[in-house]
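Asks: This is the structure I have questions about; it appears just below.
The values are calculated or read from the model by the stated rules, or taken from the named source; none is laboratory data. Computed from a predicted model, the values in this text were never measured in an experiment. Here Cβ is always computed from backbone atoms with ideal geometry, including for glycine, and neighbour counts include all displayed protein chains. SASA here: full protein model, heavy atoms, side chains in, ligands and nucleic acids out. Shrake-Rupley method; radii C 1.70, N 1.55, O 1.52, S 1.80 Å.
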Amino acid sequence: VLVDCQVHRHALMGLVVAGSAATLSMQGGVVEANQTGGLYLSELARVSCARTSVQENGAVGALVKRGAIPSFVDCSFNNNHGPGVWFSERGAGSMQGCNIVGNAGAGLLIDTLSNPTIRQCTIKRCRDCGVLSARGGLGTLDGCTIESNKPVGVTVGEKANPVVFQCSLDGNAPYHMLVMDEGLGHLHGNRITNVEVAAVVLGHSARCII
């Protein structure tokens with residue numbers, strides 16, 4: 001258990017938790033300015049983080065992969081130099097009430113059969129789209145606020161199949177939702193405001209439900 005710890009300015013990752021027997025509980029604290037990323041969670045690791053700030057790290061704020069199952073509650077993933085949170089290679093787990101703000105990459109990147117549950121989180125001012133589900137990414141976003149991201153609020157890539165419902169999309173520019181060729185997904189019950197160019201753009205072979 002780590003309580004109100006500071007993990008910063010390491011040459012590689014700030015914290016690495018890997019293996020089915022590996023567990024970590026982190027309450028409060030800051031993971032900041034680590035060169036290759038803040039958190040690396042892999043190989044079925046189970047991690048619980050509450051009220052932790054993961055900020056200004058190198059390639060990624062948190063990387064969740066290979067079946068790792070984190071629970072992030074009231075955490076922030078801000079101003080990282082790549083994606084705020086990246087779920088890859090069947091990464092799973094949940095996020096509740098988190099802020100994902102001002103990241104240089106996508107705020108939330110989900111790929112390769114990863115399937116997290118994201119509830120009541122805020123994803124805003126990210127510079128390579130708010131949410132990107134790509135390369136078979138799944139995931140459920142429920143009741144989230146997705147605003148002021150560029151160039152897209154939610155991008156659904158080839159063979160990706162996320163569920164985005166009851167979310168608020170505001171001021172994403174120029175597009176709120178982009179479903180690329182062969183993109184799937186269920187995008188329904190969302191509130192879309194302040195459209196610059198188009199609320200939803202569909203590729204010619206997109207097959208999503210809106």
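Asks: Show the residue pairs meeting these rules: Cβ distance below 9 Å; 6+ apart or different chains; first residue within the stretch 190-202 and under 10 Å from M177 (Cβ atoms) and touching a residue at least 24 places away in the same chain (Cβ under 8 Å); second residue part of a strand (DSSP E or B) and among the aromatic types (F, W, Y).
Replies: N190/F165; A198/Y175; A199/Y175; V200/Y175; V201/Y175
Asks: Assess whether L113 counts as being in a strand (DSSP E or B), open to solvent by 10 Å² or more (accessible area, probe 1.4 Å) and either modelled with pLDDT of 95 or more or in contact with a Lys or Arg (Cβ under 8 Å, 6 or more places away or on another chain) (or both).
Replies: It is false that L113 is in a strand (DSSP E or B), open to solvent by 10 Å² or more (accessible area, probe 1.4 Å) and either modelled with pLDDT of 95 or more or in contact with a Lys or Arg (Cβ under 8 Å, 6 or more places away or on another chain) (or both).
Asks: Any residue at all in the stretch 121-131 that is touching a Pro at 6+ places or on another chain (Cβ under 7 Å) and within 24 Å of L178 (Cα to Cα)?
Replies: Checking the stretch 121-131: at least one residue is touching a Pro at 6+ places or on another chain (Cβ under 7 Å) and within 24 Å of L178 (Cα to Cα).
Asks: Could you please find all residues in the stretch 15-43 being more than 18 Å from the chain's Cα centre (by Cα) and not hydrophobic (A, V, I, L, M, F, W, C)?
Replies: G19, S20, T23, S25, Q27, G28, G29, N34, Q35, E43
Asks: Same structure, new question: Going through the stretch 67-90 one residue at a time, which ones are closer than 17 Å to G130 by Cα and either assigned to a strand (DSSP E or B) or free of Cβ contacts under 8 Å to residues at least 12 places away in the same chain (or both)?
Replies: The answer is S76, F77, N78, V85, W86, F87, S88.
Asks: Run down V154, V201, V164, V195 and say which single residue is outside any loop (DSSP other than H, G, I, E, B), among the β-branched types (V, I, T) and surrounded by fewer than 24 Cβ atoms within 10 Å (Cβ to Cβ).
Replies: Within the list V154, V201, V164, V195, the selection yields V201.
Asks: What is the number of the single condition among (1) surrounded by fewer than 23 Cβ atoms within 10 Å (Cβ to Cβ); (2) touching a Cys at 6+ places or on another chain (Cβ under 6 Å) that A104 does not meet?
Replies: (2)
Asks: In the list D142, D181, which residue meets the criterion of being free of Cβ contacts under 8 Å to residues at least 40 places away in the same chain, farther than 15 Å from P83 by Cα and open to solvent by 60 Å² or more (accessible area, probe 1.4 Å)?
Replies: Only one candidate passes the filter, namely D181.
Asks: So which residues in the stretch 116-138 are open to solvent by 50 Å² or more (accessible area, probe 1.4 Å) and outside any loop (DSSP other than H, G, I, E, B)?
Replies: R119, K124, R127
Asks: Inspect all residues belonging to the stretch 92-103 and state whether any of them is of a type in the set (S, T, Y) and within 20 Å of M13 (Cβ to Cβ).
Replies: Checked against the condition, which is being of a type in the set (S, T, Y) and within 20 Å of M13 (Cβ to Cβ), the stretch 92-103 yields no hits at all.
Asks: Report, by residue number, each residue of the stretch 80-94 that is on the phi > 0 side of the Ramachandran plot and either surrounded by 19 or more Cβ atoms within 10 Å (Cβ to Cβ) or of a type in the set (A, V, I, L, M, F, W, C) (or both).
Replies: G93, the sole residue that qualifies.
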